[in-house]
Amino acid sequence: MGEQSVIKRIDPAAAIPGGEIVIECENYDTSNLRVCRALFDGERSWLVGATPRRVLAIAPESNWGGEVEVRLQGGDEQQSAPARVSVGRKLADDLHMVANPAFDPDDGSLYVTRSGTRGQKEPVSLFHIDTSGVIHDVTGDITNPTGLAFDPSGQLFVTSRNDEMVYRFTHFSEAVPFARNLGVATGLAFDRAGRMYVGDRTGTIYRVNSIGEVHPWAQLEPSVAAYHLAFGPDDALYVTGPTVSSYDAVTRVDPNGKAEVFFRGLGRPGGLAFDSEGFLYVAASYRARRGIIRIAPDAMDAHLVVAGMNVVGLAFSAQGDMVVATNEAVYSLPLGIQGTLLK
């Protein structure tokens, strides 16, 4: 019987179910691959590949979430000493997310969509999940809701890529048209002054004033899917918009509307958000790995921090949880990361 296998590192240290993680190890016995497995709190996961020093494992679906224990069981049927990894807890499924979810700054509830294909009318297209985990219907009046954002006063706005419109929600949860003629309206963000910015995926970023008047502000390359917007700590607007390239960029647009590449090398970049330290998080692929990518403030370093497939967006709660959205579901990870707040 050989030496007991040892887990040296898990990369990344967080995942949602279905995400591929790398387990770096020593002395892992792969002589009988049929009995080799990775165990997440005792639950078996699929192995993509295994060598004595490296295992690729898929985080399994489960009812648990948070920090879990990971062990390797090898060909000698011995188990390694445990390591720890954070796995997302599912908050809701049967959704259709296109961009970031959004937290209500007043009560902490999370807004999510069942957006549907272009022109598809869903009976209920917008929901919110309260802090106890209960899902509530909000409205079916918006066709293809896409971008969600709260303004500095706590009012919710939603783009529709079908209606070329932004809707405002009243205090009675009624969706009323706020701004029109915005093209394929997708991304949505507010600057510190409370001005709205909307991304038309055909190539225009619009600035919208407090009474809904629309003005073209910046021109970018068209996107095949959607624009995603977030303001950085430098008051610049950061934009992603996937193209047919596998080497897409995060674009930085300065307060005067001048655009430049901030970071390049992402595949199918989606929703993005900043933390309180100025790091940028993007739903994307990077170096053939998919999930949430963290990019340093100087754009000189980037790496995967949450593994996941079909990831389209993210948001940070006031408690430091990261919510990760896929096409179909949202998951919560207690990572202790504080997002930025409008001031």
**OP:** Scan region 243-258 residue by residue and report those that are under 15 Å from Ser223 (Cα atoms), touching a strand residue (DSSP E or B) at 6+ places or on another chain (Cβ under 6 Å) and surrounded by 15 or more Cβ atoms within 10 Å (Cβ to Cβ).
**Re:** Asp248, Ala249, Val250, Thr251
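For region 318-328, does any single residue satisfy the condition of being buried (at least 17 other Cβ atoms within 10 Å of the Cβ), polar (S, T, N, Q), closer than 22 Å to His96 by Cβ and in contact with a Pro (Cβ under 9 Å, 6 or more places away or on another chain)? Walk me through how you get there before you give the answer.
The first filter runs over region 318-328 and keeps only residues buried (at least 17 other Cβ atoms within 10 Å of the Cβ), leaving 321-326.
Among the residues that remain, those that are also polar (S, T, N, Q) are: 326.
Now restrict to residues that are closer than 22 Å to His96 by Cβ: 326.
Then drop every residue that is not in contact with a Pro (Cβ under 9 Å, 6 or more places away or on another chain), which leaves none.
Taking every residue of region 318-328 in turn, none turns out to be buried (at least 17 other Cβ atoms within 10 Å of the Cβ), polar (S, T, N, Q), closer than 22 Å to His96 by Cβ and in contact with a Pro (Cβ under 9 Å, 6 or more places away or on another chain).
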Original post:
Based on what the data block shows, is Gly271 at pLDDT 95 or above and in contact with a His (Cβ under 6 Å, 6 or more places away or on another chain)?
Top reply: yes
Original post:
Can you pull out the strands (runs of 3 or more DSSP E) entirely within region 249-307 that have at least 3 residues that are closer than 26 Å to Arg84 by Cα and within 17 Å of the chain's Cα centre (by Cα)?
Top reply: 280-286, 289-295, 302-307
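Would you confirm whether any residue within region 298-306 is under 19 Å from Ser223 (Cα atoms) and either of a type outside the set (S, T, N, Q) or modelled with pLDDT under 95 (or both)?
Scanning region 298-306 turns up no residue that is under 19 Å from Ser223 (Cα atoms) and either of a type outside the set (S, T, N, Q) or modelled with pLDDT under 95 (or both).
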Original post:
Does any residue of region 112-124 turn out to be in contact (Cβ under 8 Å) with a residue 24 or more places away in the chain and farther than 24 Å from Pro177 by Cβ?
Top reply: no
Subject >> Residue count for region 13-42, restricted to those that are touching a Leu at 6+ places or on another chain (Cβ under 8 Å), touching a residue at least 60 places away in the same chain (Cβ under 8 Å) and farther than 18 Å from Thr326 by Cα >> reply: 1
Subject >> Residues that are assigned to a strand (DSSP E or B) and polar (S, T, N, Q), drawn from region 225-248 >> reply: Thr240
Subject >> Counted residues, region 138-173 - those being under 18 Å from Leu110 (Cα atoms), charged (D, E, K, R) and without any contact (Cβ under 8 Å) to a residue 24 or more places away in the chain >> reply: 1
Original post:
Mind checking which residues of region 175-196 are within 16 Å of Ala99 (Cα to Cα) and either over 24 Å from the mean Cα position of the chain (by Cα) or crowded, with 22+ Cβ neighbours inside 10 Å (or both)?
Top reply: Val184, Ala185, Thr186, Gly187, Leu188, Ala189
Subject >> Matching residues, region 198-238, being hydrophobic (A, V, I, L, M, F, W, C) and either touching a Lys or Arg at 6+ places or on another chain (Cβ under 6 Å) or not assigned by TED's automatic domain parsing to the domain that holds Val282 (or both) >> reply: Trp217, Ala226, Ala236
Original post:
Which of the residues that make up region 55-97 are surrounded by fewer than 14 Cβ atoms within 10 Å (Cβ to Cβ), assigned to a strand (DSSP E or B) and out of contact with any Lys or Arg (no Cβ under 8 Å at 6 or more places or on another chain)?
Top reply: Arg84
**OP:** Filter region 111-132 down to residues that are out of contact with any Ser or Thr (no Cβ under 8 Å at 6 or more places or on another chain) and assigned to a strand (DSSP E or B) and give me whichever is farthest from Ile58 (Cα to Cα).
**Re:** Tyr111
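Would you point out which residue out of Asp106, Asp137, Asp163, Asp141 is part of a strand (DSSP E or B) and among the acidic types (Asp, Glu)? Full working, then the answer.
Numbers: Asp106 fails: part of a strand (DSSP E or B); Asp163 fails: part of a strand (DSSP E or B); Asp141 fails: part of a strand (DSSP E or B).
Every option except Asp137 fails the conditions.
The values are calculated or read from the model by the stated rules, or taken from the named source; none is laboratory data. These numbers were taken from a predicted model, which means no experiment stands behind them. Please note: Cβ atoms are built from the backbone with ideal geometry, for glycine as well, and neighbour counts cover all protein chains shown.
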